[in-house]
Structure formats: C-alpha cells, structure tokens
C-alpha cells in the first residue's frame with residue numbers, strides 16, 4: 001500500500017516541477033523579446049500586433065514566429081497560425097490608391113481625347129457702328145437680342161459697347177445682320193486655327209493617363225513604405241498636370257464652339273448750319289470833277305499848254 005502512495009507523490013512532484021519549468025520559460029521569453037511598436041502602412045492604418053503561438057511543450061525554447069509581409073498571419077515552426085482579424089489590413093499591404101480624377105474625370109478625359117473635331121477654328125469679330133445719339137442704347141439691346149435668337153449669349157457690356165458669343169456655325173450670318181443696325185465705320189474678323197494644339201494636348205493627356213495607370217499597378221505590388229511614398233508623390237504630380245491639360249482642352253473646345261463678336265457704337269455727329277453772308281454791292285465811285293481853269297494875272301499863260309512848252313524848249317536847243 002505504501003508503494004502506490006509513493007508513486008503518486010513522485011508524480012505530483014514531477015508535474016509541479018514541469019509546470020514551474022514551463023512558467024519560468026515563458027516568462028523568460030517575454031522578458032527577452034524586444035518591445036513591439038505598431039507599424040504604419042501607406043494608408044495610415046496601424047497594423048495588428050503579432051503574438052507568438054508557443055506550445056506548452058518543446059516549443060518553449062524556440063525562436064519567436066516570423067511575420068509574413070505579404071499579409072498572411074504569423075505562424076510558428078509547428079502548429080497552425082493564429083487567425084488575423086479581417087477588418088484590419090496586415091503589415092506591408094498598402095491602402096488602395098485613390099482615384100485623383102474620379103470616374104467623372106476619367107470619362108471627361110476619354111471624351112476629350114476621342115471626340116476631337118477634324119478642324120477647330122476660333123473666330124473673333126468686331127464692328128464699329130455709327131448711330132443716332134438717342135438710339136445708342138437701343139442698338140446695344142438689339143445686338144443682344146439678335147445674338148440670343150441665334151443661340152448666343154452676352155459676355156460683356158458697357159455704355160458704348162457689347163460683347164456677345166454666338167455659335168461658330170452662325171458667325172457670318174450674325175455679322176451680316178449686325179452690320180444693318182448702323183453705319184459701319186470699321187469691321188474686322190480674325191480666325192485662329194487651334195486644331196494642332198488641341199491634338200497635341202490630347203496626345204499628351206493619353207500619355208499621362210497611361211503613365212498613371214502603370215504607377216497605380218506598381219503601387220499594388222509595392223512592399224516598402226519608401227516606395228509607396230515615392231509613387232504617391234509622382235501620382236499627385238501627374239494628377240495636377242492632367243487637370244491642367246483637361247482645362248486647356250475644355251477651354252479650346254469652348255472657344256471653337258462659340259465665336260466672339262464685339263460691337264461698339266458711336267453717336268452720329270449732328271449737322272451744323274452753315275451761315276453764308278451775302279456780299280454787299282459797293283457804291284459806284286463819283287465821276288472826277290471837270291478840270292478847273294485858273295485865272296492868272298498873265299493872260300497868255302493860260303494859252304500855253306504842255307506841248308507848247310516842250311516845243312519852246314526844243315526851239316531853244
């Protein structure tokens with residue numbers, strides 16, 4: 001009867017020793033393990049802390065389990081890995097890239113690059129009209145009404161001029177109709193072909209969109225934070241350049257679709273009355289008085305004429 005009791009006692013002592021050994025080993029591993037700090041991925045989300053799955057048997061003296069950067073759960077050399085919460089992204093997996101232009105921007109880019117017209121010409125016209133002074137305001141109003149009937153709109157106006165925009169298809173018809181509103185003093189038309197510029201911008205936009213798509217594919221396979229930051233910086237630069245080109249394409253399309261016409265009015269000068277003074281007839285001069293005979297004390301002196309004196313002088317010579 002004593003032998004079974006002694007065997008039972010030795011078993012209890014061995015079990016207690018084994019439990020103490022395991023407890024001491026686990027505490028030593030926790031003391032020797034370096035403190036873990038949360039890592040940040042490209043999306044700014046803390047990665048879950050990884051705990052070692054240690055078996056209570058022979059795995060007490062093994063190394064800490066490795067961390068899989070591809071997004072899998074940590075696992076020890078033996079036994080299944082601990083499950084990872086599906087709501088928190090694993091370490092090393094970047095957040096999904098954000099679309100810098102959005103679905104609307106991508107759709108607009110496709111429309112701008114695929115539906116380019118064969119020829120894009122920007123028309124600009126100007127008319128200087130001379131009208132009556134009391135009809136200046138009415139003339140400007142007629143210009144606006146005429147443009148509105150042809151699908152145009154007012155762009156700018158002041159006291160003596162108005163700028164309207166009309167569809168380019170009705171540019172010539174509108175100019176002809178506006179010339180009838182007054183006496184044309186000056187007329188000018190300018191045409192600028194922007195087809196080549198529009199085409200070049202469209203080709204450049206396609207290249208930038210393809211480059212952005214390649215960078216986004218690289219971002220999905222990036223493992224380090226440094227590479228993620230570099231790619232995101234380049235994507236931000238591309239987004240700015242894409243927005244600028246899209247704005248230029250929209251501006252050129254709007255300029256070519258609607259032509260600009262400026263009409264300036266000046267008052268017609270009032271006619272001035274010219275007063276012509278009648279010339280007064282000059283009074284006729286009175287006739288000269290008749291020669292008067294002189295009464296001299298010498299009688300014969302009156303009979304001497306100039307011819308006689310000359311003849312007398314010749315005789316003396």
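For the reader, a short list of remarks on this structure follows.
- 149, 273, 206 arranged by Cβ crowding within 10 Å, fewest neighbours leading: 273, 149, 206
- Gyration tensor verdict on the range 104-269 (Cα atoms; rounded if a/c is under 1.5, prolate if a/b is larger than b/c, oblate otherwise): prolate
- Fewest neighbouring Cβ atoms within 10 Å first, the residues 123, 171, 251 line up as 251, 123, 171.
- Cα centroid separation - the range 243-283 against the range 119-143, whole Å: 7 Å
- Fully extended contour minus Cα-Cα distance, from residue 206 to residue 187, at 0.36 nm per residue: 2.7 nm
- With a cut-off of 16 Å on the backbone N, the residues of the range 190-221 near the modelled label site 7 Å out from residue 234 along Cα-Cβ are 207-221.
- Antiparallel bridge percentage (DSSP; both residues within the range 104-269; nearest 5): 70 percent
- For residue 196 and residue 154, the FRET efficiency from 1/(1 + (r/R0)^6), where r spans their Cβ atoms and R0 equals 35 Å, is about 0.65.
Since every read-out is calculated from the coordinates, none of them should be taken as a lab result. Bear in mind the structure is a predicted one, so any value in this text is a computation, not a measurement. We place every Cβ from the backbone using ideal geometry, glycine too, and count neighbours over all the protein chains shown.
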